[in-house]
Every structure is written in C-alpha cells, then in structure tokens.
Amino acid sequence: MCEAHRMSSIQVADQTFVAVPGETVADILGAPNRWRVWWPDLTLEVTDDRADKGIRWRVGGALTGTMEVWLEPMPVLHGVVLHYFLHAEPASAATVDLQAENRRRRAAGKAMAFEVKRTLEAGRAAGERPAHADLR
C-alpha cells in the first residue's frame, strides 16, 4: 500500500448532538485555552477555521496528525451534530498499546463533546425545546 493511503494508527470518529446553533458551539471550539484542558498533551495549530461549520487542526506533541470538529446543522432539531475526528500516529518511537491509546483518545473526544453540550445546554431539560428555537 502506498504511503498516501496508509491508515493512521489512532483513528477516532464520534458524534454528539448539541441543541444550540453552530456559531455558539464555534465560540467554545475557537478558544485555545479550552484545547489545553481537553487535550493537555497535544499541541494544536488551526489549519482551517470554518466558523459555524467547525475547525480543523494540525496535531503535534504526543501525537502527530490531524483533528477536526465538524458541526453539521440540524435545523429541525434546533442544533448541530458535533462530529469529532482524530487521525494520528504516536510521536514517540516507544512501543505504544494502540488499542488502549485509541480508547483513551476516544474518551478525551467524548469528554470534550459532553463538556460543550453540558455548558451550552445548561438549564435545559432533556427533550425540552431549546430557548433559542422560540426566537425564530
């Protein structure tokens, strides 16, 4: 298989519904101080800030690769689906348990998504129409 088509050792794809507009989620995603909390051992460089559609990063530090949060509008549900993707290789030449590392990175991505959801949906009961939906 040629190098350009080789799969990354660390492959994470996840999605979480957030009942707020994409621009509201983008405000949190665009805050570098949060990145350090969510991914403390990674250095992130924005390669594509897509505003209310998400953000893409080049990843360094403990991993080398790319990461993206894509915000898919869900107008009928008055929110977005936060899609999280990470494709990377361990930066260290040391032996890494790839299965454990994939689990750890998946959990970190889910923790980020749930923090965004918890923060932005605070005070809204499950199944309740979001307050911003009444403004339309």
Item to complete: Let me have the relative contact order for the chain, percent, based on Cα pairs under 8 Å that are six or more residues apart.
Response: 31 percent
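In deg cm²/dmol, rounded to 500, what helix-only [θ] at 222 nm does the chain give when every DSSP H run of at least 4 residues adds -39500 (n - 2.57) and the total is split over its residues?
-9000 deg cm²/dmol
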Practice prompt. Could you go through segment 70-76 in sequence order and give the Karplus-derived ³J(HN,Hα) for each residue, using 6.51 cos²θ - 1.76 cosθ + 1.60 with θ = phi - 60°, rounded to whole Hz, and x for Gly and Pro?
Written response: 9, 9, 9, x, 10, x, 5
Discussion item. Rounded to the nearest 5, what % of DSSP beta bridges with both residues in the chain are antiparallel?
Written reply: 100 percent
Response to the item:
Amide H neighbours of Arg50 at under 5 Å, excluding residues fewer than 5 places away on the same chain, with H built from the backbone geometry, are Ile55, Arg56
Practice prompt. May I have the extent of the alpha carbons of segment 2-117 along their three principal axes, as whole Å values ordered from largest to smallest?
Written response: 46, 29, 24
Worksheet, complete the sentence: For Gly61, other-chain or 5+-apart residues with amide H closer than 5 Å (H placed, Pro excluded) are Thr43
Response to the item:
Taking Cα atoms, the helix 98-120 axis meets the longest principal axis of the chain at an angle in degrees (rounded to 10) of 20 degrees
Item to complete: Could you run the Karplus curve 6.51 cos²θ - 1.76 cosθ + 1.60 with θ = phi - 60° over segment 37-46 and give me ³J(HN,Hα) per residue in whole Hz, x for Gly and Pro?
Response: 6, 5, 9, x, 9, 10, 10, 10, 10, 5
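FYI, it's all coordinate maths here, none of it is from the lab. Remember, predicted model here, so these are calculated numbers, not experimental data.
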